[in-house]
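The values are calculated or read from the model by the stated rules, or taken from the named source; none is laboratory data. Note that the structure is a prediction, hence the values are computed from the model and not measured. Neighbour counts are summed over all protein chains in view; Cβ atoms, including those assigned to glycine, are modelled from backbone coordinates with ideal geometry. What goes into the accessible areas is simple: the full protein's heavy atoms, side chains included, and nothing from ligands, DNA or RNA. Shrake-Rupley method; radii C 1.70, N 1.55, O 1.52, S 1.80 Å.
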Amino acid sequence: MEPADLAAREHEESGTNWRKFFGFSTDHKVIGIQYLVTSFFFYLIGGALASAVRTELATPDADFVSPDLYNSLFTIHATVMIFLWIVPAATGGFGNYLIPLMIGARDMAFPRLNAVAFWMIPPAGILLMSSFFVGAAGSGWTSYPPLSIINGSKAGEFIWILSVLLLGTSSILGAVNFFVTILKMRIPGMGLNQMPLFCWAMLAASALILIGTPVLAGALILLSFDLIAGTAFFNPTGGGDPVVYQHMFWFYSHPAVYIMILPVFGMISEIIPAHARKPIFGYRAIAYSSLAISFLGLIVWAHHMFTSGTPAWLRMFFMIATMIIAVPTGIKVFSWLATIWGGKLRLNSAMIFGMGFISMFVVGGLSGIMVASVPFDIHVHDTYFIVAHLHYVLFGGSVFGLYGALYHWFPKMTGRMMNETWGKVHFALTFIGFNMCFLPMHKLGLEGMPRRVAMYDPKFTALNVVCTVGSYILAVSTIPFLVNAAWSWLRGPKAPDNPWQALTLEWMTSSPPPVENFYKDPVLASGPYDYGMVNALVIRQKMMKGKEATTERKTPSGIPLNQLKASDLLGGSSSIVQSASDAEVEAQTLQDEDPMLSGGPNSVLRAKPDPEEAVNPDDRQDS
Amino acid sequence: MKIPSNITTLIAGIVLTLVSLWVGKNHGLLPVAASEEAALVDGLFNTMMTISTGLFFIVEGVLVYSIFRFRRRPGDNTDGPPTHGNVPLEILWTAIPAVIILIIGVYSFEVYNSMGGLDPMAAHGHSMQQARKMPGSAIAATLDENTQQAAPTPTEQIADGVGASPDKSANPNLEVNVTGLQFAWIFAYPDSGVTSGELHVPTGREVKLNISANDVIHAFWVPEFRLKQDAIPGRTTELRFTPKTVGTYPVICAELCGSYHGGMKTQVIVQTPEEFDAWVQSQQEVASAENLDRALAINPQAMSTGEFLAPYAGEMGITSDTLEQLHASHHHQF
């Protein structure tokens, strides 16, 4: 049905050009894939560290690694998984790849900044890994003083601070870009309420990054002064207060949980309706609940500190605020269920990971309400109950969602289909391994096993062995995925432009999309989730015809549009604005002549409305 | 939708409620409750467990049912019904979580209050004069602070943590000063002068722990009491509870405190009041015996070098004969 020749030609072009993925590219799609591959690489490293941690915990004694190394293992495991896997994959990876495509823009608002943000990650990651040579940080990813000031090697702790600062900076730069891109670069006719829900989620997550991350940077810089300059901001021997650090740390690090889960909520809101073949249930409720979670996420941080000497009235405030988050989260979960209900579910790998996300995240959500309750949290704080809870949110939630998103958008990114059978094997192994690994931890924590210990009471051995076996299954479960992804990328069947018959704009271009994304500026002809509505299909076919008609269009400088590379537009002195002869381009005066530096409604990277089909009446010409 | 399922739904709802209630009572996830406050926390957890079980089965039930009932039939490439939303339904499922968290919130508040969680603030406000006990701290070294610590009065002491429950008197029956250090706990009983590595408490009497730390942050946790409080260097926190069940329970450090964090544990021994008094007595005897020893110890600075070295020389087996031989060999060399 779909014209496959386009996709094939495009693939050949990118096939000869694989080197672009290893260089400084300003194409948001290249950067997105760079983010995804890099962060998945670090996910494997973080997973290896986790396997070492579980191997140590297979027996009650500290016999596999030394207690110091054990502390470093779980510290670096958490740091890698948060700062080098989920945050960069969810915001940097999918955010970069999808946002411009979904809003019909040709690139992000600040393409060079975007590349800079990515290229801060590999050095920071390598720095963090190299700290094992000098004795890596071992005070937990929270790095509470005074322990972090006096524990183990100062070099390791300092490297940890440095790399987290770098990763935080990268995350801030990315967030600025998303914010401007989403607010200023949407195609005409796409109001905020016509955006795909992933854009709403990224907007909410970017706000959290912009507000929270600088505070973490402040805390870490003060901590580094305590560490190397002998100041006493947090060191009680000099009159400092260690609890102040905890406030500053959690002011970022609780919102960080939402930075990790909100984009995934957005991905699920894309995946579920496309494969259930139904409009998303309650678009505005889901969109605005993202904002509500984002706001509430900023005022709940002290629930991590119920036992650290927080005044009583403050504990009550943070308990109530935390519990209120259950309301917007509940709205989302019920809306997804209602979207699934009565649909025609295509149970492919993306969909089963999406449904797996809902089923696992709900466990983390329920235990989240429990630990919000102060009297109960006093019992389970810093125990394996918390370890179970956070993994149900961040693995059962974020990682399941990320896998679902990888299966869903893989054809768009690579132009190849993934193997469904191996996708299902991957899901089964992940689901079984995950629950075996983390479900017993609830009981361990309630019965009295604290977290971050290398040796534990022998009465907990049996359950710990189950957890360790589960973790090995989880480790093995990545193999089918890796093989499937690698093989499909090279040899998989060619993907049509829109294999899932989805309605968001990224599916209206070829797979993979050309440089600058669209052969012809897209128009918003249907809502992002108008499944089952009569005109949606008609409009989609009309747009496909339009696309074919314009594939031969050329840029003003004579390069066929479908063979265009970013360098043709962005390098050199001939910007397309200057050489364009159309009078309408004249009218679009740029704030800055250099397209790299320009943003906003007049940006050359922004699509123009189609007078025939534009949704916004202002952009339509009746003639 | 065809609903011959009014009755099916009703039955499913009843079964779900019964299962949830049963799970809430019989989950068997918590260890024995050894303090009076622990029972309150358990009641709260059981309630939350009941509600969570219900919600869990609703969500998973919908997912599993959908997989079988709504899966795409082969050859069917049409879309589902274009339902965009349903305002009453959305209001309903906004209201349900809101009501649930209201119930859990009020219940948590009640439990927290009757455990005494609100007391530390009510009793003494938030003073900036935090008890700084760190050795080496210039502020802590003032005489004023030291005398204050020797006899802490409830109104002056900073106390974050869990305090006296409203129906208990302001003064606890037994006070214990708890100090955490890498990697041990020290329990000092200011009333009787006893110091111990294990915590002994009597049943039925309210105990107040004044918790502090010497080096890094530790956390005092007794799972059987459902109580945990960080031990923070530079400030004192408090925990109050009334032990109920005789037995020996672990005291665990729950805040990462260094390499051997996992090994930092001791025991709390809940005894009958008689046994407890006997234990205090025996400890006082040991302590006084130790004091006698200390009184007999010699001040080395008051002795000459010979006097000081004599016992060591004796231990090494150096007699006047060996000294003679030394002298002899000395002469041979020249």
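Return yes or no: is residue A:88 away from chain B (no Cβ under 14 Å) and over 17 Å from residue A:209 (Cα atoms)? Criteria not met by residue A:88. Of the strands (runs of 3 or more DSSP E) contained entirely in region B:183-273, those carrying at least 2 residues that are without any contact (Cβ under 8 Å) to a residue 60 or more places away in the chain and surrounded by fewer than 19 Cβ atoms within 10 Å (Cβ to Cβ) fall at B:184-189, B:247-253.
Against the condition free of Cβ contacts under 8 Å to residues at least 60 places away in the same chain and farther than 18 Å from residue A:260 by Cβ, how does residue A:417 come out, does it pass? Spelling it out, it is not the case that residue A:417 is free of Cβ contacts under 8 Å to residues at least 60 places away in the same chain and farther than 18 Å from residue A:260 by Cβ. So, residue A:385, is that one farther than 27 Å from residue B:48 by Cα, within 13 Å of chain B (Cβ to nearest Cβ) and at pLDDT 95 or above or not? Here the answer is no, as residue A:385 does not meet what is asked. Being in contact (Cβ under 8 Å) with a residue 24 or more places away in the chain and within 30 Å of residue A:279 (Cβ to Cβ) holds for only one residue in A:158, A:179, and it is A:179. Within region A:369-377, one or more residues are within 7 Å of chain B (Cβ to nearest Cβ) and either outside any helix (DSSP H, G or I) or under 21 Å from the mean Cα position of the chain (by Cα) (or both). For residue A:373, indicate whether it is touching a helix residue (DSSP H, G or I) at 6+ places or on another chain (Cβ under 6 Å), buried (at least 22 other Cβ atoms within 10 Å of the Cβ), within 24 Å of residue B:231 (Cα to Cα) and small (Gly, Ala, Ser). Yes. Do we find a residue being closer than 24 Å to residue A:29 by Cα, surrounded by fewer than 18 Cβ atoms within 10 Å (Cβ to Cβ) and among the β-branched types (Val, Ile, Thr) anywhere in region A:119-141? Among the residues of region A:119-141, at least one is closer than 24 Å to residue A:29 by Cα, surrounded by fewer than 18 Cβ atoms within 10 Å (Cβ to Cβ) and among the β-branched types (Val, Ile, Thr), which makes the answer yes.
Within region A:291-334, being more than 10 Å from every other protein chain (Cβ to nearest Cβ) and not in a helix (DSSP H, G or I) holds for A:298, A:299, A:300. In region A:205-243, which residues are in a helix (DSSP H, G or I) and farther than 30 Å from residue A:179 by Cβ? Selection gives A:225, A:226, A:227, A:228, A:229, A:236, A:237, A:238, A:242, A:243. Applying the criterion of at least 3 residues that are within 20 Å of residue A:278 (Cβ to Cβ) to the helices (runs of 4 or more DSSP H) found wholly in region B:1-118 leaves B:36-69, B:87-115. Just checking, does region A:512-525 include any residue being within 14 Å of chain B (Cβ to nearest Cβ) and either at pLDDT below 90 or more than 19 Å from residue A:18 (Cα to Cα) (or both)? No, that holds for no residue. Out of all the residues in region A:452-464, which are touching a residue at least 12 places away in the same chain (Cβ under 8 Å), facing chain B (nearest Cβ under 8 Å) and open to solvent by less than 40 Å² (accessible area, probe 1.4 Å)? Answer for region A:452-464, where residues must be touching a residue at least 12 places away in the same chain (Cβ under 8 Å), facing chain B (nearest Cβ under 8 Å) and open to solvent by less than 40 Å² (accessible area, probe 1.4 Å): A:452, A:454, A:455, A:456. Residues that are more than 7 Å from chain B (Cβ to nearest Cβ) and surrounded by 21 or more Cβ atoms within 10 Å (Cβ to Cβ) do not occur anywhere in region A:340-347. Of all residues in region A:244-290, those that are open to solvent by less than 10 Å² (accessible area, probe 1.4 Å), within 14 Å of another protein chain (Cβ to nearest Cβ) and closer than 30 Å to residue B:214 by Cβ total 3.
Within region B:72-94, the residues that satisfy the criterion of being open to solvent by 80 Å² or more (accessible area, probe 1.4 Å) and either more than 7 Å from every other protein chain (Cβ to nearest Cβ) or within 20 Å of residue A:352 (Cβ to Cβ) (or both) are B:72, B:73, B:74, B:77, B:87, B:88, B:91, B:92.
Close contacts from region A:216-243, counting a first residue that is free of Cβ contacts under 8 Å to residues at least 12 places away in the same chain and more than 8 Å from chain B (Cβ to nearest Cβ) and a second that is open to solvent by 10 Å² or more (accessible area, probe 1.4 Å) and outside any helix (DSSP H, G or I), with Cβ to Cβ under 7 Å and a gap of 6+ residues or different chains, come to A:225/A:231; A:225/A:233; A:232/A:239. Somewhere in region A:61-68, is a residue part of a helix (DSSP H, G or I) and either at pLDDT below 95 or open to solvent by 10 Å² or more (accessible area, probe 1.4 Å) (or both)? Yes, some residue in region A:61-68 is part of a helix (DSSP H, G or I) and either at pLDDT below 95 or open to solvent by 10 Å² or more (accessible area, probe 1.4 Å) (or both).
Residues considered: B:177, B:210, B:171. Of these, the only one that is at pLDDT below 90 and either away from chain A (no Cβ under 14 Å) or closer than 23 Å to residue B:281 by Cα (or both) is B:171.
For every residue, the table says whether it meets (1) β-branched (Val, Ile, Thr); (2) closer than 18 Å to residue A:286 by Cβ; (3) touching a Gly at 6+ places or on another chain (Cβ under 8 Å).
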residue	(1), (2), (3)
B:52	no, no, no
B:57	no, no, no
B:60	no, no, no
B:67	yes, no, no
B:72	no, no, no
B:75	no, no, no
B:83	yes, yes, yes
B:89	no, yes, no
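Restricting region B:15-36 to residues that are of a type in the set (Gly, Ala, Ser) and free of Cβ contacts under 8 Å to residues at least 40 places away in the same chain, which is surrounded by the most Cβ atoms within 10 Å (Cβ to Cβ)? Within region B:15-36, the match that is surrounded by the most Cβ atoms within 10 Å (Cβ to Cβ) is B:20. Of all residues in region B:95-117, exactly one satisfies the criterion of being under 22 Å from residue A:311 (Cα atoms), surrounded by fewer than 19 Cβ atoms within 10 Å (Cβ to Cβ) and of a type in the set (Gly, Ala, Ser), namely B:114. For the condition open to solvent by less than 30 Å² (accessible area, probe 1.4 Å) and more than 8 Å from every other protein chain (Cβ to nearest Cβ), residue B:12 does not qualify. Looking only at residues that are more than 9 Å from chain A (Cβ to nearest Cβ) and of a type in the set (Lys, Arg) in region B:220-266, which one is farthest from residue B:165 (Cα to Cα)? Restricting to residues being more than 9 Å from chain A (Cβ to nearest Cβ) and of a type in the set (Lys, Arg), the top hit is B:244. Scanning region A:291-324 for residues that are under 20 Å from the mean Cα position of the chain (by Cα) and surrounded by 24 or more Cβ atoms within 10 Å (Cβ to Cβ), we see that the one that is farthest from residue A:270 (Cα to Cα) is A:297.
When region A:431-451 is filtered for residues that are among the aliphatic types (A, V, I, L, M) and within 11 Å of chain B (Cβ to nearest Cβ), the ones remaining, listed by number, are A:444, A:446, A:449.
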